[in-house]
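One structure is given here, and the rest of the page talks about it.
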Amino acid sequence: MKQESIRNIGIIAHVDHGKTSLVDCLLKQSGMFRESEVSGTCIMDSNELERERGITIFSKNAAIQYKGYKINIVDTPGHADFGGEVERILKMVSGVLLLADAVEGPMPQTKFVLKKSLDLGLKPIVVINKIDRPAARIEAVVDEVFDLFVELGATDEQLDFSIIYTSAKQGISRLNPEDEDSDITPVLDLIIEKVPAHTGDSEGPFQMLVSSIDYDDYVGRIAIGTINRGNVQAKNSYTQIDRQGDMHAFNISKLYCYDGLAKVESPLAVTGDIIGIAGMKEVEIGETIAESSCPEPLPVIEIDEPTLGIHFSTNSSPFAGREGEFVTSRQLRDRLFRETRSNVSLRVEETDTQDTFKVSGRGELHLTILIETMRREGYEFSISRPEVLIKNIDGVPHEPEEFVIIDIEDSHMGAVMETMGKRKATLKNMIQGESTARLEFVIPTRGLFGFRSEFLTLTKGTGIINRTFHNFIPHCGEIAQRPNGVLIAMEHGNTTGFSLFNLQDRGSMFVGAGNEVYTGMIVGTNKKDNDLVINLCKEKKLSNMRASGSDVNIILTPPVVMSLEQILGFLNEDELAEITPKSIRLRKKILNETDRKRYGKTRNSIPVSVS
């Protein structure tokens, strides 16, 4: 394959705008799979969590052979929390497909990734997807996309973008809105025509920047990247240049190219191709692999700094070690530091306490994905309430601020605006529809802790909220915390229906009848603003005067089940979440009530210590 016949393209889209569906459709219609291999959708969402959540977290590579061309397609994450992934992937491509929903138009995550791609000078192709939807407003969305390009400072050449209209679900496309439906292959034709081939010198010495890391049980770590210059051959000797500039010689044991979704061994690869190289003992993202005769390092990839931190610690509750396979501080430490090898937006720091580690990431979603992944791998640990990372700029403490777009019905506007005001949000724009409104805010990241669940309650489940990192702003003081206190278990034992029935008017319960609880475990939310210790294990006293069948059948309210994101927003500073493969429990950092009182009754003032 010649350099001129290779096209590298990334896909930019908001969550659920059809990005992965489009890639699946291109793979199917280009003949890369037999019919029996493509019965399901979301071929590229291979990670279990990605399939469940319907979002792309880790970028994947695919290659399509079409009309004598090789088109390398990189499916990039659409969420700002995975900005580390996004930036690395954009370094590998020469153009981008910007996917916009024909109903919703460009959204915050689209804006985040598009800004990165325009800054890198990438050539965009706009795809208006879901044109088959009844509420599609195609012309208005095209205007919104153009306005977004202008707002983000696109060049005149970038503003002269090509547009194609598709329905990835139906497998159809049109070059003009009024045209007859065609199959999806015109998208591939447009990529070949508009996206430039890689401009590197094919005759020069080999050079490649490591943009991603894969792992194979047989060959170890595989460095993935685009060949910046020259050609590369398997079994030959090359030089690895690390971030500090130190050089290490090695032999390529395996050289991989992409065919469809598979990595296939290849004896040779040319400039512009996306490849995988195995043979190095250790390799990290941002390092350079080069010809030994001309070992020139490429600029190291700059990644957005983390904005949110959580303390991970070994589980110290009375139930510690019951449900997890990996429970020690050494196992927890090894797993967290191993994650930083490929998850470049993540930071892990050791603390003064031997069994506690501070993990910093790009947002709640970024960190909850890590927590859920470790949980499924068999790890057992505790996590603290998230805290924003303060940045000193010119001696003034600054905190992260987020840009939020909210779509709600008119009847809920007052309640939502009041709540956002309490959380120190500033309204930037309001677009009024027939019976709906779109509100645009900027708000400190702290102000969004726990907001999603409250927002769904305020809007009766009908509201839509999208957010992305915006800027660092001077620290804006205290923000109102959780308005309710919690219900805390008094003693160790199994809960009884009798106790739950008599106490459920005190608040919402997190446990049902027959669940095992321990002293200091949080078992519900209090209706009032104070914490309340309750006994859920109390049995009903029977007497000789009362027949066993004379009792009235009790009806219990089902326990509240929270997602990980909701739990992070719910926690106060004196509380922990206990994470195990089978359960998620909430608890006080200090389990004993007397000890808690000794440190003070005011919430959020209790120091970080464990029972």
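The values are calculated or read from the model by the stated rules, or taken from the named source; none is laboratory data. All values derive from a computational prediction rather than experimental measurement. Methodologically, a virtual Cβ is constructed for each residue, glycine included, from the backbone with ideal geometry; neighbour enumeration extends over all protein chains shown.
Summary table below
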| read-out | value |
| --- | --- |
| Among (1) modelled with pLDDT of 90 or more; (2) part of a loop (DSSP other than H, G, I, E, B); (3) under 24 Å from residue 569 (Cα atoms) - the single one residue 370 does not satisfy | (2) |
| Inter-residue pairs, beta-carbon under 8 Å, first free of Cβ contacts under 8 Å to residues at least 60 places away in the same chain and surrounded by 13 or more Cβ atoms within 10 Å (Cβ to Cβ) and in region 237-266, second among the β-branched types (Val, Ile, Thr) and not in a strand (DSSP E or B), 6+ apart | 238/252; 240/283; 243/300; 253/219; 254/219 |
| Residues located in region 240-279, provided they are part of a loop (DSSP other than H, G, I, E, B), touching a Gly at 6+ places or on another chain (Cβ under 8 Å) and more than 23 Å from residue 345 (Cα to Cα) | 252, 253, 271, 272 |
| Residue satisfying condition, being within 26 Å of residue 87 (Cα to Cα), under 27 Å from the mean Cα position of the chain (by Cα) and outside the structural domain of residue 228 (by TED's automatic domain parsing), within set 128, 164 | 128 |
| Selection within region 438-471 - of a type outside the set (A, V, I, L, M), in a strand (DSSP E or B) and either closer than 28 Å to residue 576 by Cα or at pLDDT below 90 (or both) | 438, 444, 466, 467, 468, 469, 470, 471 |
| Members of region 136-161 that are small (Gly, Ala, Ser) and over 29 Å from the mean Cα position of the chain (by Cα) | 140 |
| Contacts under 9 angstrom Cβ, first residue in region 451-471 being without any contact (Cβ under 8 Å) to a residue 40 or more places away in the chain, partner of a type outside the set (Phe, Trp, Tyr), 6 or more apart | 454/419; 454/569; 456/462; 456/463; 456/465 |
| Any hit, region 64-72, residues being hydrophobic (A, V, I, L, M, F, W, C), closer than 26 Å to residue 159 by Cα and at pLDDT below 80 | no |
| When residues of region 191-212 are limited to those that are surrounded by fewer than 19 Cβ atoms within 10 Å (Cβ to Cβ) and among the aliphatic types (A, V, I, L, M), the one farthest from residue 3 (Cα to Cα) | 192 |
| Residue that is modelled with the highest pLDDT, among those in region 553-582 that are charged (D, E, K, R) and in a loop (DSSP other than H, G, I, E, B) | 582 |
| Hits in region 323-343 - residues which are out of contact with any strand residue (DSSP E or B) (no Cβ under 9 Å at 6 or more places or on another chain) and surrounded by 15 or more Cβ atoms within 10 Å (Cβ to Cβ) | 323 |
| Single match in 530, 502 (criterion: outside any helix (DSSP H, G or I) and either surrounded by fewer than 19 Cβ atoms within 10 Å (Cβ to Cβ) or in contact (Cβ under 8 Å) with a residue 60 or more places away in the chain (or both)) | 530 |
| Top-ranked residue of region 435-450 - restricted to ones that are farther than 29 Å from residue 394 by Cβ and free of Cβ contacts under 8 Å to residues at least 60 places away in the same chain, ranked as surrounded by the fewest Cβ atoms within 10 Å (Cβ to Cβ) | 435 |
| Where residue 290 falls short, out of the listed (1) surrounded by fewer than 20 Cβ atoms within 10 Å (Cβ to Cβ); (2) more than 23 Å from residue 565 (Cβ to Cβ); (3) of a type outside the set (Ser, Thr, Tyr); (4) touching a Pro at 6+ places or on another chain (Cβ under 8 Å) | (1) |
| Region 387-403, subset in a loop (DSSP other than H, G, I, E, B) and either of a type in the set (Asp, Glu) or in contact with a Ser or Thr (Cβ under 9 Å, 6 or more places away or on another chain) (or both), residue nearest to residue 345 (Cα to Cα) | 389 |
| Region 96-139, subset charged (D, E, K, R) and part of a helix (DSSP H, G or I), residue nearest to residue 180 (Cα to Cα) | 139 |
| Sole residue being at positive phi, under 23 Å from the mean Cα position of the chain (by Cα) and not assigned by TED's automatic domain parsing to the domain that holds residue 14, chosen from 447, 461 | 461 |
| Identity of the residue in region 340-366, over 24 Å from residue 402 (Cβ atoms) and not in a loop (DSSP other than H, G, I, E, B), that ends up nearest to the chain's Cα centre (by Cα) | 357 |
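Each row is one residue, and each column tells you yes or no for (1) at pLDDT below 90; (2) polar (S, T, N, Q).
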| position | (1), (2) |
| --- | --- |
| 515 | no, yes |
| 528 | yes, no |
| 534 | no, no |
| 545 | yes, no |
| 584 | no, no |
